[in-house]
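The values are calculated or read from the model by the stated rules, or taken from the named source; none is laboratory data. If you're wondering where the values come from, they're calculated on a predicted model, not measured in any experiment. Please note: Cβ atoms are built from the backbone with ideal geometry, for glycine as well, and neighbour counts cover all protein chains shown. Please note that ligands, DNA and RNA were not included when accessible areas were found on the heavy atoms of the full protein model with its side chains. Shrake-Rupley method; radii C 1.70, N 1.55, O 1.52, S 1.80 Å.
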Amino acid sequence: MVWRRFRRHRAAMVSLVVLGLITAFAFVGPFVWPWDHTVSRDILGNQGPSLQHPFGTTNQGNDVFAQTMRGTQQSLKVALTVAVLSTVIGSVWGAVAGYYRGRVDAIMMRVVDVFLIVPLIVAVAAINGNVRGGTTWYVVALIMCLFSWATIARVVRGVVLSLREQEFIEAARAVGARASRIIFRHLLPNAAGPIIVAATLLVAVAVLTEAALSFIGFGIQPPDISLGKMVEGSRTAAFTRPWLFYPPGVLIVMICLTINFIGDGLRDALDPRQTMVRR
């Protein structure tokens, strides 16, 4: 039923196909493309687009097409890692707070408030700039996770506060089910809809955050590369050598748009009140 509803959302279906192509471009493309993202002596620098180098080359002798594949791959790795870890941490935190309520809920949600009021980019940049090895994608992703789970926790808490008063939860308590079993076997599975939608949208937020961090110099750094770092490195060439600037910029926009459309489709598909066909 959910799949049928999702298929009716045409923008979400098109976005799912486009995102699949972008993912294949990032993770499969490097295995079949003859160049990699590093500098090569066999590549002439500062060349425009050609059949051999569709996105041209940099001054240093990098194939921009290969750099774009690598940058997309690293940005997606960061985004997916942040989304998965933040969703797991935030879901458990919010479910525990919503189930126990009272003093436990008050203390746990004040912790969430602290993480919510801290500007994400500022906090990640401050920590990442002082962490040894902070330029690697997985360290960037882990630091971003520290400040991304709070939003999921607040969403899950609100859903659990409603679910805990339902009859099936009362029945589970009546038969002696432990709190951990109720949380993980009853509450979280029934809150899956909002969790999936929030996690999907978090992917887009993570892509933009990583791009912003790389742009200001606190994200993934050379010799590795990301889409944000490519935009930062070519910002002065937007009009003189657009083949350096626009491919990574367009991919960032496409990834975020497709993720948001997919999230919109999932929201409609998981909402039983939605009956209209989306166009």
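Considering only the range 91-105, I want to know if a residue exists there that is of a type in the set (Asp, Glu) and farther than 24 Å from Gly233 by Cβ. Don't jump to the end; show me each part of the working.
So in the range 91-105, the residues of a type in the set (Asp, Glu) come out as 105.
Narrowing further to those that are farther than 24 Å from Gly233 by Cβ: 105.
Yes, that holds for at least one residue.
Across the range 93-121, what is the total count of residues that are open to solvent by less than 50 Å² (accessible area, probe 1.4 Å) and within 19 Å of the chain's Cα centre (by Cα)?
1
Could you say which residue among Phe168, Phe147 is open to solvent by 20 Å² or more (accessible area, probe 1.4 Å), free of Cβ contacts under 8 Å to residues at least 60 places away in the same chain, aromatic (Phe, Trp, Tyr) and in contact with a His (Cβ under 8 Å, 6 or more places away or on another chain)?
After ruling out the rest, the residue left standing is Phe168.
Which residues, counting only those in the range 44-75, are open to solvent by less than 10 Å² (accessible area, probe 1.4 Å) and aliphatic (A, V, I, L, M)?
Scanning the range 44-75 gives Val64, Ala66, Met69.
Residues checked against (1) part of a helix (DSSP H, G or I); (2) aliphatic (A, V, I, L, M); (3) surrounded by 16 or more Cβ atoms within 10 Å (Cβ to Cβ):
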| site | (1), (2), (3) |
| --- | --- |
| Val155 | yes, yes, yes |
| Val159 | yes, yes, yes |
| Ala172 | yes, yes, yes |
| His186 | yes, no, yes |
| Pro189 | yes, no, no |
| Pro194 | yes, no, yes |
| Thr200 | yes, no, yes |
